[in-house]
Amino acid sequence: MASRRKFIAVTGTGLLGAATMPGRTVFGREASSREKRSKKNLVIGIIGAENSHTIGYGKLFNIEKKFPGIEVKYVWGETEAFALKAQKEGHIPVIVKDPREMLGKIDALIVDHRHPKYHLPAATPFLEENIPIFIDKPFCYRVEEGKEFLDKARAKGVPVSSYSSIAQSNATFDIRDQVKEMKDIEQVVRYGVNHAGMHNRYGGIFFYGVHTVQPLMFMFGEDIREVRMTQNGENWTASIAYDNGLLATLVFTREHYGWSTYVTVKDGVKKLVSRVPEPDPPRNYADMVKMFRTGELPRSYQSILNGVSVLEALEKSVESGKWEEVKYVKI
């Protein structure tokens, strides 16, 4: 256990902080290719249309034109109906019958399946061709699979990222800064929606749990030792035990859509509220676009994998009802 804790101390919060500060890791085959991407118009392709996010990307880039010079030109859908709906509502010009039809035609790829088990197989042919990739949340379904993919991305110098839009927001960054200034936090309670339930066909806790878990890890650190899910009827909570003694409780709401975080301190219970406005377009989109253009990673690969490790432990606890150790994998 001591060696695992040492590993987290080195690779967890520290690496995440490094990945979200100036001077972040920059990937790309050559500086010249990054410079070319930063100046040219970019064509994006999307794999997956069942999720409403694909229509959102179409509206963002093609209709609202929040990022001039960038177009979502291609989409592949799990069904013809999904693809047609995304094309119509997102003004996406071309539907492809096979995602590989986009090879050689796009400058960046977004993978947007609902179940994370489909993400990395869909992205792999594009990784082989050195295409920058953003994988909509969550990154993958099994951490070992994710390590193999990111090891290859690092070796090839191809920028890849994935994150919860809630985690990659000005609000979460500001709350993280507030937490750094608080010295007497005893416990954390975080509320987050999981309206699809813990046994949904999109990966259970992975489907919406990432929006509750990843911001927690960003705000309070990644040195989570073990987790336990508790069920009463259709209601679920999770207990998150940190190495430093901090205990977090996650309350998964079934109807209310939203996320909020409270901490207990010496003088009572405090709700953590952002002090800064959200930009337009939001930070999560801007950071993705910056990665596509420059190769600069919004989050460290280690942090991406750590989040998957915690989700895997939570999934095990859904079935066992017991405390489950978080098994981290080093990249």
Practice item. Kindly indicate whether any position in region 305-323 is modelled with pLDDT of 95 or more, of a type outside the set (A, V, I, L, M, F, W, C) and closer than 21 Å to LEU60 by Cβ. Key: no
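Just a yes or no: is a residue in region 166-179 among the small types (Gly, Ala, Ser), in contact with a Lys or Arg (Cβ under 8 Å, 6 or more places away or on another chain) and at pLDDT 95 or above? Write out each step before concluding.
Of all residues in region 166-179, those among the small types (Gly, Ala, Ser) come to 167, 169, 171.
Next, from what is left, pick out any that are in contact with a Lys or Arg (Cβ under 8 Å, 6 or more places away or on another chain): 169.
After this cut, where a residue has to be at pLDDT 95 or above as well, the list is 169.
Yes.
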**Study point:** From the options ALA167, ALA153, residue that is of a type in the set (A, V, I, L, M), more than 15 Å from the chain's Cα centre (by Cα) and surrounded by 15 or more Cβ atoms within 10 Å (Cβ to Cβ)
**Key:** ALA153
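Looking only at residues that are of a type in the set (A, V, I, L, M) and part of a loop (DSSP other than H, G, I, E, B) in region 270-309, which one is nearest to the chain's Cα centre (by Cα)?
We begin by selecting, within region 270-309, every residue of a type in the set (A, V, I, L, M); these are 272-273, 276, 286, 288-289, 291, 297, 304-305, 308.
From the residues that got through so far, the ones that are part of a loop (DSSP other than H, G, I, E, B) too are 273, 276, 297.
Values: VAL273: 21, VAL276: 22, LEU297: 13 Å.
Result: LEU297.
Residues checked against (1) buried (at least 20 other Cβ atoms within 10 Å of the Cβ); (2) at positive phi; (3) of a type in the set (S, T, N, Q):
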{"position": "GLU186", "(1), (2), (3)": "no, no, no"}
{"position": "GLY192", "(1), (2), (3)": "yes, no, no"}
{"position": "GLY203", "(1), (2), (3)": "yes, yes, no"}
{"position": "VAL210", "(1), (2), (3)": "yes, no, no"}
Practice item. Find the residue count for region 212-235, including only residues that are surrounded by fewer than 24 Cβ atoms within 10 Å (Cβ to Cβ) and in contact (Cβ under 8 Å) with a residue 60 or more places away in the chain. Key: 8
Review point. What are the residues in region 262-290 that are within 23 Å of ASP136 (Cβ to Cβ) and among the β-branched types (Val, Ile, Thr), if any?
Key: VAL289
Practice item. Could you grab the pairs with beta carbons closer than 9 Å, sequence gap of 6+ or different chains, first residue in region 70-94 and in the same structural domain as ALA286 (by TED's automatic domain parsing), second one acidic (Asp, Glu) and assigned to a helix (DSSP H, G or I)? Key: TYR74/GLU101; TRP76/GLU101; VAL94/GLU101
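Let's see how each residue does on (1) farther than 22 Å from THR253 by Cβ; (2) of a type outside the set (Gly, Ala, Ser); (3) touching a residue at least 24 places away in the same chain (Cβ under 8 Å):
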| site | (1), (2), (3) |
| --- | --- |
| SER165 | no, no, yes |
| ASP177 | yes, yes, no |
| GLN187 | no, yes, yes |
| TYR191 | no, yes, yes |
| ASN194 | no, yes, yes |
| TYR202 | no, yes, yes |
| ILE205 | no, yes, yes |
| GLY209 | no, no, yes |
Practice item. For ARG114, work out the one condition from (1) of a type outside the set (Ser, Thr, Tyr); (2) more than 21 Å from SER165 (Cα to Cα); (3) part of a loop (DSSP other than H, G, I, E, B) it doesn't fulfil. Key: (2)
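The values are calculated or read from the model by the stated rules, or taken from the named source; none is laboratory data. Please read all numbers here as calculations on a predicted model, not as lab measurements. Quick reminder, even Gly has a Cβ in these numbers, built from the backbone with ideal geometry, and neighbours come from all protein chains shown.
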